[in-house]
Amino acid sequence: MSDAYVQLLDAAIAHCEALRADGIEFVPVSAATFAELSARPAAPARATRPPVSAAPATRPAEAKPFAFVPAGTPDGRPATPPPASSPAPYTPRPLPASVASRWGQAAQLPSPSVPKSSAPAPAQPPLPPPLAPAAKQAAMDELRTQALSCIKCAHLASSRTTVVFGVGEIHARLMFVGEAPGADEDRQGEPFVGKAGELLTKMILAMGLTRADVYIANILKCRPDTPGQTAGNRKPTADEMTTCTPWLHRQIDIIQPAAMVALGATAVEGLLGKTIGITKLRGTWQTYRGIPLMPTYHPAYLLRNQAPAEKRKVWEDLLAVMEKLALPINAKQRAYFLPKP
Ligand code: URA
(Lines give C-alpha, C1' and ligand atoms only; values in the text may rest on other atoms or scores of the structure.)
Protein backbone atom coordinates (compact mmCIF):
# COMPACT_ATOMS: atom_id res chain seq x y z
CA MET A 1 0.00 0.00 0.00
CA SER A 2 1.39 3.40 -0.94
CA ASP A 3 2.14 6.04 1.71
CA ALA A 4 -0.33 8.39 0.01
CA TYR A 5 -3.10 5.80 0.27
CA VAL A 6 -2.37 5.13 3.96
CA GLN A 7 -2.35 8.88 4.64
CA LEU A 8 -5.70 9.29 2.92
CA LEU A 9 -7.15 6.36 4.79
CA ASP A 10 -5.88 7.74 8.10
CA ALA A 11 -7.43 11.12 7.36
CA ALA A 12 -10.75 9.49 6.43
CA ILE A 13 -10.77 7.42 9.62
CA ALA A 14 -9.89 10.45 11.76
CA HIS A 15 -12.73 12.39 10.11
CA CYS A 16 -15.22 9.59 10.76
CA GLU A 17 -14.10 9.30 14.38
CA ALA A 18 -14.61 13.04 14.84
CA LEU A 19 -18.11 12.74 13.34
CA ARG A 20 -18.88 9.82 15.62
CA ALA A 21 -17.67 11.76 18.65
CA ASP A 22 -20.24 14.40 17.62
CA GLY A 23 -22.95 11.76 17.61
CA ILE A 24 -23.15 11.24 13.85
CA GLU A 25 -23.57 7.55 13.22
CA PHE A 26 -24.32 7.40 9.52
CA VAL A 27 -22.71 9.04 6.49
CA PRO A 28 -24.01 8.80 2.92
CA VAL A 29 -21.76 6.65 0.70
CA SER A 30 -22.56 5.70 -2.90
CA ALA A 31 -22.93 2.02 -3.73
CA ALA A 32 -19.83 2.19 -5.99
CA THR A 33 -17.67 3.78 -3.29
CA PHE A 34 -18.94 1.30 -0.73
CA ALA A 35 -18.03 -1.63 -3.00
CA GLU A 36 -14.59 -0.17 -3.61
CA LEU A 37 -13.97 0.48 0.09
CA SER A 38 -15.07 -3.04 0.96
CA ALA A 39 -12.58 -4.49 -1.53
CA ARG A 40 -9.54 -2.72 -0.06
CA PRO A 41 -7.21 -4.55 2.28
CA ALA A 42 -7.22 -3.38 5.91
CA ALA A 43 -4.98 -0.43 6.69
CA PRO A 44 -1.84 -1.05 8.72
CA ALA A 45 -1.89 -0.12 12.39
CA ARG A 46 -2.16 3.62 12.78
CA ALA A 47 0.04 5.77 14.91
CA THR A 48 -1.50 6.70 18.23
CA ARG A 49 -3.35 9.99 18.02
CA PRO A 50 -2.10 12.84 20.17
CA PRO A 51 -4.17 13.35 23.36
CA VAL A 52 -7.04 15.79 23.30
CA SER A 53 -6.02 19.11 24.76
CA ALA A 54 -6.46 19.48 28.49
CA ALA A 55 -9.39 21.27 30.07
CA PRO A 56 -9.43 25.06 29.84
CA ALA A 57 -7.93 27.31 32.49
CA THR A 58 -9.34 26.61 35.91
CA ARG A 59 -10.75 28.87 38.58
CA PRO A 60 -11.74 27.83 42.07
CA ALA A 61 -15.30 26.53 42.23
CA GLU A 62 -17.43 28.10 44.90
CA ALA A 63 -20.08 25.42 44.65
CA LYS A 64 -20.06 22.16 46.55
CA PRO A 65 -20.63 18.92 44.68
CA PHE A 66 -24.26 18.00 44.52
CA ALA A 67 -25.24 16.23 47.69
CA PHE A 68 -28.24 13.99 47.77
CA VAL A 69 -31.48 13.97 49.70
CA PRO A 70 -32.21 10.76 51.56
CA ALA A 71 -33.73 8.00 49.48
CA GLY A 72 -37.38 7.14 49.86
CA THR A 73 -39.19 10.25 48.64
CA PRO A 74 -38.19 10.62 45.01
CA ASP A 75 -40.53 12.75 42.95
CA GLY A 76 -41.80 10.73 40.10
CA ARG A 77 -42.02 7.20 38.92
CA PRO A 78 -39.09 4.78 38.96
CA ALA A 79 -36.27 6.12 36.82
CA THR A 80 -35.48 4.72 33.40
CA PRO A 81 -32.04 3.14 33.97
CA PRO A 82 -31.90 -0.42 35.29
CA PRO A 83 -31.98 -1.00 39.03
CA ALA A 84 -28.76 -0.78 41.02
CA SER A 85 -28.67 -4.55 41.19
CA SER A 86 -27.72 -4.65 37.49
CA PRO A 87 -25.29 -1.77 37.05
CA ALA A 88 -24.16 -0.83 33.58
CA PRO A 89 -20.66 -1.78 32.51
CA TYR A 90 -18.37 1.18 32.99
CA THR A 91 -15.51 1.55 30.55
CA PRO A 92 -13.08 4.36 31.22
CA ARG A 93 -11.42 6.13 28.31
CA PRO A 94 -7.95 7.66 28.49
CA LEU A 95 -7.84 11.17 29.86
CA PRO A 96 -5.49 13.79 28.46
CA ALA A 97 -2.02 12.99 29.77
CA SER A 98 -1.87 16.18 31.85
CA VAL A 99 -5.02 15.21 33.73
CA ALA A 100 -4.38 11.49 33.95
CA SER A 101 -0.99 12.02 35.55
CA ARG A 102 -2.58 14.20 38.23
CA TRP A 103 -5.64 12.10 38.94
CA GLY A 104 -4.78 8.60 37.87
CA GLN A 105 -6.94 5.96 36.28
CA ALA A 106 -9.87 6.47 38.64
CA ALA A 107 -10.46 9.93 37.21
CA GLN A 108 -10.98 8.68 33.71
CA LEU A 109 -14.00 9.75 31.74
CA PRO A 110 -16.52 7.35 30.17
CA SER A 111 -16.12 5.84 26.75
CA PRO A 112 -17.04 8.12 23.85
CA SER A 113 -18.11 5.20 21.69
CA VAL A 114 -21.64 5.50 20.34
CA PRO A 115 -23.73 2.36 20.72
CA LYS A 116 -25.04 0.96 17.48
CA SER A 117 -28.67 1.72 16.79
CA SER A 118 -30.84 -0.79 14.97
CA ALA A 119 -32.44 1.98 12.92
CA PRO A 120 -31.09 5.37 11.91
CA ALA A 121 -32.55 8.25 13.93
CA PRO A 122 -35.07 10.41 12.05
CA ALA A 123 -33.62 13.24 9.94
CA GLN A 124 -33.34 16.48 11.88
CA PRO A 125 -34.45 19.76 10.30
CA PRO A 126 -31.81 22.50 10.50
CA LEU A 127 -32.15 25.30 13.04
CA PRO A 128 -33.47 28.60 11.69
CA PRO A 129 -31.09 31.58 11.60
CA PRO A 130 -30.50 32.87 15.16
CA LEU A 131 -32.59 35.82 16.33
CA ALA A 132 -31.30 39.14 17.64
CA PRO A 133 -31.68 39.44 21.44
CA ALA A 134 -34.80 41.65 21.41
CA ALA A 135 -36.47 39.48 18.78
CA LYS A 136 -35.61 36.40 20.86
CA GLN A 137 -37.44 37.76 23.87
CA ALA A 138 -40.48 38.69 21.80
CA ALA A 139 -40.54 35.28 20.11
CA MET A 140 -40.25 33.45 23.42
CA ASP A 141 -42.99 35.58 25.01
CA GLU A 142 -45.27 34.87 22.07
CA LEU A 143 -44.50 31.15 22.19
CA ARG A 144 -45.16 31.05 25.93
CA THR A 145 -48.51 32.77 25.49
CA GLN A 146 -49.52 30.23 22.89
CA ALA A 147 -48.29 27.24 24.92
CA LEU A 148 -50.07 28.36 28.09
CA SER A 149 -53.41 27.98 26.37
CA CYS A 150 -52.63 24.73 24.57
CA ILE A 151 -55.44 22.16 24.79
CA LYS A 152 -54.13 19.67 22.22
CA CYS A 153 -54.08 16.89 24.82
CA ALA A 154 -57.59 17.35 26.23
CA HIS A 155 -56.99 14.91 29.10
CA LEU A 156 -53.85 16.78 30.25
CA ALA A 157 -55.39 20.22 29.73
CA SER A 158 -58.26 19.24 31.99
CA SER A 159 -56.10 17.66 34.71
CA ARG A 160 -53.28 20.23 34.86
CA THR A 161 -53.03 23.17 37.22
CA THR A 162 -50.83 25.02 34.77
CA VAL A 163 -48.67 24.56 31.69
CA VAL A 164 -45.01 24.28 32.74
CA PHE A 165 -43.39 26.08 29.84
CA GLY A 166 -39.73 26.44 30.78
CA VAL A 167 -37.51 28.65 32.87
CA GLY A 168 -34.20 30.43 32.73
CA GLU A 169 -32.00 32.47 30.46
CA ILE A 170 -33.22 32.62 26.88
CA HIS A 171 -29.69 33.57 25.78
CA ALA A 172 -28.21 30.59 27.67
CA ARG A 173 -25.35 28.57 26.23
CA LEU A 174 -26.57 25.50 28.09
CA MET A 175 -30.03 23.98 28.15
CA PHE A 176 -31.32 21.07 30.24
CA VAL A 177 -34.25 19.00 29.03
CA GLY A 178 -36.21 16.73 31.33
CA GLU A 179 -39.24 14.52 30.89
CA ALA A 180 -42.40 16.14 32.22
CA PRO A 181 -43.62 18.17 35.16
CA GLY A 182 -44.47 16.35 38.36
CA ALA A 183 -47.00 17.43 40.96
CA ASP A 184 -44.73 20.14 42.42
CA GLU A 185 -43.96 21.60 39.01
CA ASP A 186 -47.63 21.49 38.05
CA ARG A 187 -48.50 23.49 41.17
CA GLN A 188 -45.69 26.04 40.77
CA GLY A 189 -45.56 26.33 36.98
CA GLU A 190 -41.78 25.86 36.90
CA PRO A 191 -39.78 22.81 35.78
CA PHE A 192 -37.64 20.89 38.24
CA VAL A 193 -38.73 22.38 41.54
CA GLY A 194 -39.47 19.10 43.37
CA LYS A 195 -36.92 16.72 44.88
CA ALA A 196 -35.38 15.86 41.50
CA GLY A 197 -35.31 19.57 40.76
CA GLU A 198 -33.43 20.30 43.97
CA LEU A 199 -30.83 17.79 42.90
CA LEU A 200 -30.64 19.27 39.39
CA THR A 201 -30.09 22.69 40.97
CA LYS A 202 -27.19 21.27 43.00
CA MET A 203 -25.71 19.72 39.87
CA ILE A 204 -25.90 23.07 38.09
CA LEU A 205 -24.27 24.83 41.06
CA ALA A 206 -21.51 22.20 41.11
CA MET A 207 -20.77 23.19 37.51
CA GLY A 208 -20.14 26.75 38.74
CA LEU A 209 -23.45 27.96 37.25
CA THR A 210 -26.86 28.88 38.61
CA ARG A 211 -30.34 28.05 37.38
CA ALA A 212 -30.55 31.62 36.08
CA ASP A 213 -27.56 30.97 33.78
CA VAL A 214 -29.17 28.05 31.97
CA TYR A 215 -32.53 27.22 30.41
CA ILE A 216 -34.58 24.31 31.73
CA ALA A 217 -37.52 22.74 29.93
CA ASN A 218 -39.29 19.43 29.55
CA ILE A 219 -40.43 17.20 26.71
CA LEU A 220 -44.01 17.52 28.00
CA LYS A 221 -45.36 20.86 29.18
CA CYS A 222 -48.23 19.36 31.18
CA ARG A 223 -48.05 16.92 34.05
CA PRO A 224 -48.95 13.44 32.76
CA ASP A 225 -52.27 12.76 34.45
CA THR A 226 -52.48 10.13 37.14
CA PRO A 227 -56.23 9.95 37.74
CA GLY A 228 -57.11 9.71 41.40
CA GLN A 229 -53.57 10.57 42.55
CA THR A 230 -52.31 13.94 43.69
CA ALA A 231 -48.70 12.71 43.72
CA GLY A 232 -46.81 10.18 41.62
CA ASN A 233 -45.81 10.28 38.03
CA ARG A 234 -45.97 8.37 34.79
CA LYS A 235 -44.00 8.29 31.56
CA PRO A 236 -45.53 10.39 28.80
CA THR A 237 -47.18 8.35 26.06
CA ALA A 238 -45.83 8.39 22.50
CA ASP A 239 -48.89 10.41 21.39
CA GLU A 240 -48.41 12.98 24.13
CA MET A 241 -44.75 13.36 23.18
CA THR A 242 -45.51 13.75 19.50
CA THR A 243 -48.17 16.34 20.26
CA CYS A 244 -46.11 18.35 22.73
CA THR A 245 -42.52 18.29 21.47
CA PRO A 246 -43.09 20.99 18.80
CA TRP A 247 -43.23 23.49 21.69
CA LEU A 248 -39.80 22.36 22.85
CA HIS A 249 -38.37 22.36 19.31
CA ARG A 250 -39.54 25.96 18.95
CA GLN A 251 -38.01 26.91 22.29
CA ILE A 252 -34.72 25.50 21.04
CA ASP A 253 -35.14 27.32 17.70
CA ILE A 254 -35.24 30.53 19.72
CA ILE A 255 -32.56 29.83 22.34
CA GLN A 256 -30.06 27.96 20.14
CA PRO A 257 -27.83 26.93 23.06
CA ALA A 258 -24.24 25.87 22.44
CA ALA A 259 -24.86 22.56 24.24
CA MET A 260 -27.73 20.61 25.72
CA VAL A 261 -28.14 17.96 28.40
CA ALA A 262 -30.90 15.38 28.01
CA LEU A 263 -31.95 14.15 31.44
CA GLY A 264 -33.07 10.55 31.09
CA ALA A 265 -34.35 8.29 28.34
CA THR A 266 -37.59 10.17 27.67
CA ALA A 267 -35.68 13.39 27.01
CA VAL A 268 -33.40 11.56 24.56
CA GLU A 269 -36.38 9.94 22.86
CA GLY A 270 -38.26 13.22 22.58
CA LEU A 271 -35.27 15.10 21.18
CA LEU A 272 -33.60 12.49 19.00
CA GLY A 273 -36.26 9.85 18.42
CA LYS A 274 -33.81 7.29 19.79
CA THR A 275 -35.09 4.59 22.09
CA ILE A 276 -31.68 3.12 22.90
CA GLY A 277 -31.37 2.69 26.66
CA ILE A 278 -30.00 5.69 28.53
CA THR A 279 -27.50 3.35 30.20
CA LYS A 280 -25.88 2.80 26.82
CA LEU A 281 -26.25 6.32 25.52
CA ARG A 282 -25.22 8.42 28.51
CA GLY A 283 -21.76 9.90 28.34
CA THR A 284 -21.72 9.84 24.51
CA TRP A 285 -22.12 13.08 22.60
CA GLN A 286 -25.16 13.17 20.35
CA THR A 287 -26.32 15.93 18.03
CA TYR A 288 -29.69 17.66 18.10
CA ARG A 289 -30.05 19.73 14.90
CA GLY A 290 -26.38 20.61 15.01
CA ILE A 291 -26.29 21.26 18.77
CA PRO A 292 -24.07 18.91 20.83
CA LEU A 293 -26.31 17.01 23.20
CA MET A 294 -25.14 15.01 26.21
CA PRO A 295 -27.50 12.33 27.45
CA THR A 296 -27.24 11.55 31.14
CA TYR A 297 -29.30 9.96 33.87
CA HIS A 298 -32.35 11.78 35.18
CA PRO A 299 -31.80 13.23 38.66
CA ALA A 300 -34.72 11.08 39.91
CA TYR A 301 -32.56 8.04 39.13
CA LEU A 302 -29.80 9.39 41.34
CA LEU A 303 -32.29 9.94 44.14
CA ARG A 304 -32.87 6.21 44.12
CA ASN A 305 -29.37 5.05 43.33
CA GLN A 306 -27.01 6.95 45.53
CA ALA A 307 -23.94 4.85 44.86
CA PRO A 308 -20.93 7.18 44.38
CA ALA A 309 -20.16 5.40 41.09
CA GLU A 310 -23.57 6.43 39.69
CA LYS A 311 -23.11 10.03 40.87
CA ARG A 312 -19.66 10.03 39.30
CA LYS A 313 -21.06 8.91 35.94
CA VAL A 314 -23.46 11.84 35.85
CA TRP A 315 -20.75 14.18 37.07
CA GLU A 316 -18.41 12.99 34.31
CA ASP A 317 -21.14 13.72 31.76
CA LEU A 318 -21.42 17.22 33.18
CA LEU A 319 -17.64 17.63 33.16
CA ALA A 320 -17.70 16.76 29.47
CA VAL A 321 -20.34 19.46 28.97
CA MET A 322 -18.20 21.96 30.86
CA GLU A 323 -15.26 21.07 28.65
CA LYS A 324 -17.39 21.48 25.53
CA LEU A 325 -18.44 24.95 26.70
CA ALA A 326 -14.87 25.80 27.79
CA LEU A 327 -16.13 26.44 31.32
CA PRO A 328 -13.37 26.53 33.92
CA ILE A 329 -12.89 23.28 35.84
CA ASN A 330 -10.74 23.16 38.92
CA ALA A 331 -9.03 20.18 40.53
CA LYS A 332 -11.67 19.88 43.22
CA GLN A 333 -14.43 19.71 40.66
CA ARG A 334 -12.56 17.08 38.66
CA ALA A 335 -12.34 14.89 41.74
CA TYR A 336 -16.00 14.99 42.86
CA PHE A 337 -17.29 11.50 43.67
CA LEU A 338 -13.99 9.78 43.02
CA PRO A 339 -13.00 7.17 45.57
CA LYS A 340 -10.69 8.60 48.22
CA PRO A 341 -7.09 7.59 47.48
N1 URA B 1 -38.86 15.62 36.30
C2 URA B 1 -38.79 16.13 35.07
O3 URA B 1 -38.40 15.45 34.15
N4 URA B 1 -39.12 17.39 34.89
C5 URA B 1 -39.52 18.17 35.87
O6 URA B 1 -39.81 19.33 35.61
C7 URA B 1 -39.57 17.63 37.16
C8 URA B 1 -39.24 16.35 37.36
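Scanning region 191-209 for residues that are more than 8 Å from the ligand (Cβ to nearest atom) and either within 26 Å of residue 138 (Cα to Cα) or of a type in the set (Ser, Thr, Tyr) (or both) yields 201, 209. Taken over region 317-341, the criterion of being farther than 12 Å from residue 203 by Cβ and either among the basic types (Lys, Arg) or within 17 Å of the chain's Cα centre (by Cα) (or both) is satisfied by 320, 323, 324, 325, 326, 327, 332, 334, 340.
Pairs are defined by a Cβ separation below 6 Å, a sequence spacing of at least 6 or placement on different chains, a first member in region 228-243 that is in contact (Cβ under 8 Å) with a residue 24 or more places away in the chain, and a second member that is outside any helix (DSSP H, G or I) and more than 15 Å from the ligand (Cβ to nearest atom); the pairs so defined are 240/153; 243/152; 243/153. Listed by first and then second residue, the pairs with beta-carbon distance under 8 Å, at least 6 apart or on different chains, first residue in region 271-289 and touching a residue at least 40 places away in the same chain (Cβ under 8 Å), second open to solvent by 40 Å² or more (accessible area, probe 1.4 Å) and acidic (Asp, Glu), are 285/22; 287/22. Residue 215 meets all of the listed conditions (1) away from the ligand (no atom under 15 Å from the Cβ); (2) of a type in the set (Ser, Thr, Tyr); (3) within 16 Å of residue 164 (Cα to Cα) but one, namely (1).
Of the residues making up region 183-190, one or more are within 13 Å of the ligand (Cβ to nearest atom) and closer than 16 Å to residue 143 by Cβ.
The values are calculated or read from the model by the stated rules, or taken from the named source; none is laboratory data. In this text the structure is predicted, and so the values were computed from the model without any measurement. Cβ: placed from backbone, ideal geometry, glycine included. Neighbour counts: every protein chain shown. Note: accessible area is taken over every heavy atom of the protein model, side chains too, but ligands, DNA and RNA are not part of it. Shrake-Rupley method; radii C 1.70, N 1.55, O 1.52, S 1.80 Å.
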